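Before any comments, here is the structure.
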Amino acid sequence: MKARLYAELYGFSGKKKDKQRALDYYKSLLKRFPGSRYTSKAKRAITKLGGGHPSASKSITAVPVKKPTFNKKRSNSKPRSLAEVKEIRFWSSPSYTRVVIEVESEVPYTHRLLKKDPTIAKPMRLCIDLNHARIGHGLKPVVPIADDLLSGVRAAQNSPNTVRLVLDIKSIDDYKIFSLRNPFRIVVDVSSVSMMSASKTTSKKRFKHEQEKPGGKIPKGALAKQLALGVKRIVIDPGHGGKDPGAIGYLKGVREKNVTLEISRRLAKKIRQRLGCEVLLTRNSDTFLSLEERTAIANTKNADLFISIHTNANRAMACRGIETYFLNLATDEDAILVAARENATSAKNISDLQTIFSDLMKNAMINESSRLAGYVQESLIRKLKPKYKWIKDKGVKKAPFYVLLGAKMPCILIETAFITNPRECRRLNSAEYQEDVADAIAIGLQRYIKEIHPAAPIKAHL
């Protein structure tokens with residue numbers, strides 16, 4: 001249906017990219033489902049669109065029509081139509097582990113939790129079956145983790161077209177599984193409250209109890225106060241880096257990855273001086289980090305706050321302004337486009353994330369993130385507007401950013417200005433503006449911390 005719609009669109013638009021998208025979807029169908037009843041229709045459509053004879057395409061696995069031979073070399077070859085499971089990565093701490101399974105292309109998957117079976121000496125296991133998939137040549141069959149939650153991950157070709165991954169569990173209280181795209185990967189977050197301090201655990205139970213009271217209302221900021229959230233460690237995430245330059249600036253040579261690193265370094269210094277907090281950067285040089293790795297760093301380091309620094313971009317150079325985001329479903333088209341750009345995916349993929357967020361909507365950390373975003377956004381505008389002309393307050397917004405997904409603490413993403421706007425690009429490239437932005441963010445964090453934890457030591461005046 002996707003291929004057909006793009007083919008029809010090509011008939012109206014005459015654009016080569018619409019024709020190519022139609023061909024790509026038709027060829028994808030032939031590659032992934034060579035035995036489908038739609039195969040013959042797809043081949044005819046490819047020929048009609050002038051895509052050449054499908055059997056001659058290198059990207060398509062032809063359906064065999066002759067009797068199979070018993071050539072040993074051929075019978076052992078793996079089907080080219082199956083997506084390759086390429087890599088298993090993990091990040092861990094005593095109370096949290098994130099496992100990421102990278103796959104060559106998008107595949108359907110299922111999962112189930114198996115209880116411990118003493119009769120066969122099997123621990124509790126989390127099984128994930130990837131359909132239309134095969135083990136990659138470089139994939140390790142066993143990935144030892146050996147932390148407090150997991151022993152490791154095992155991977156095997158469970159059937160000719162199914163890869164099974166098994167997480168051997170020592171002790172967990174909760175787990176979540178979701179997928180991200182470009183490239184396609186499956187993310188597994190497992191956590192345990194066994195390593196939490198008794199005071200925080202007790203406060204969390206008290207908060208949950210009050211939530212469940214009939215007609216009970218939770219006062220503003222109750223979660224932060226009941227968890228006795230003394231902010232001691234903050235993780236700052238300079239957006240992009242390495243092979244990912246981020247948005248390209250209006251001025252030659254200005255890249256988002258460099259600007260965000262400069263602002264983040266200045267911000268880290270100000271937080272240490274003003275708040276006396278420990279500050280960690282996800283990267284302190286021009287290196288590449290995946291989006292899921294950044295969140296994992298914040299979780300494994302037990303951060304109390306997570307701040308991701310970015311610059312905005314738009315094809316319309318007149319677009320300007322500052323906005324601060326927290327994790328939630330997007331409510332306007334602009335927020336969807338910003339999230340799509342930062343996630344390196346499409347607006348369509350962003351809309352598909354709604355199913356992932358179904359249980360996150362109940363997470364009270366979203367409310368705390370919203371409050372944190374409000375303090376920071378207000379501080380940015382208050383600090384910058386008197387000094388710089390044409391500062392536009394784009395407000396606090398919500399959107400599903402991959403980099404914030406799964407964070408265990410209040411987290412926000414700041415779009416400090418539009419790098420594609422001539423005036424704002426010059427500002428972003430100047431040390432003075434970078435310093436002022438960092439100062440404003442630090443003041444916003446300081447006010448938030450003072451609000452939720454009045455007894456927290458403050459080293460400088462608000």
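Residue count for the range 270-279 satisfying the condition of being touching a residue at least 24 places away in the same chain (Cβ under 8 Å) and surrounded by fewer than 18 Cβ atoms within 10 Å (Cβ to Cβ): 3.
Condition first: within 30 Å of Asp189 (Cα to Cα) and at pLDDT 85 or above. Can you find one or more residues in the range 38-54 that meet it?
No, there is no match, as no residue in the range 38-54 is within 30 Å of Asp189 (Cα to Cα) and at pLDDT 85 or above.
Every residue in the range 280-295 that is surrounded by fewer than 19 Cβ atoms within 10 Å (Cβ to Cβ), closer than 20 Å to Asp189 by Cβ and β-branched (Val, Ile, Thr), please. Scanning the range 280-295 gives no hits.
When Ala442, Ala407, Ala399 are screened for being buried (at least 22 other Cβ atoms within 10 Å of the Cβ), in contact (Cβ under 8 Å) with a residue 24 or more places away in the chain and within 16 Å of Tyr375 (Cβ to Cβ), only Ala442 passes.
Quick check on Ile322: is it outside the structural domain of Arg89 (by TED's automatic domain parsing), under 19 Å from the mean Cα position of the chain (by Cα) and of a type in the set (Val, Ile, Thr)?
no
Counting only strands (runs of 3 or more DSSP E) that sit wholly inside the range 155-269, those with at least 1 residues that are modelled with pLDDT under 90 and not hydroxyl-bearing (Ser, Thr, Tyr) are 174-180. Looking for whichever is touching a Gly at 6+ places or on another chain (Cβ under 9 Å), assigned to a helix (DSSP H, G or I), assigned by TED's automatic domain parsing to the domain that holds Asn312 and of a type in the set (Lys, Arg) here; the options are Arg371, Arg447, Arg423, Arg427. Which one fits? Selected residue: Arg371, the only one of Arg371, Arg447, Arg423, Arg427 that is touching a Gly at 6+ places or on another chain (Cβ under 9 Å), assigned to a helix (DSSP H, G or I), assigned by TED's automatic domain parsing to the domain that holds Asn312 and of a type in the set (Lys, Arg).
Total residues in the range 308-354 satisfying the condition of being at pLDDT below 85 and among the basic types (Lys, Arg): the figure is 1. With respect to the stated conditions, His111 fails to be outside any strand (DSSP E or B) and either modelled with pLDDT under 95 or surrounded by 13 or more Cβ atoms within 10 Å (Cβ to Cβ) (or both).
The values are calculated or read from the model by the stated rules, or taken from the named source; none is laboratory data. Because the structure is predicted, anything quoted here is derived from the model rather than measured. When we count neighbours, we look across all protein chains shown, and the Cβ atoms used for this are built from the backbone with ideal geometry, even at glycine.
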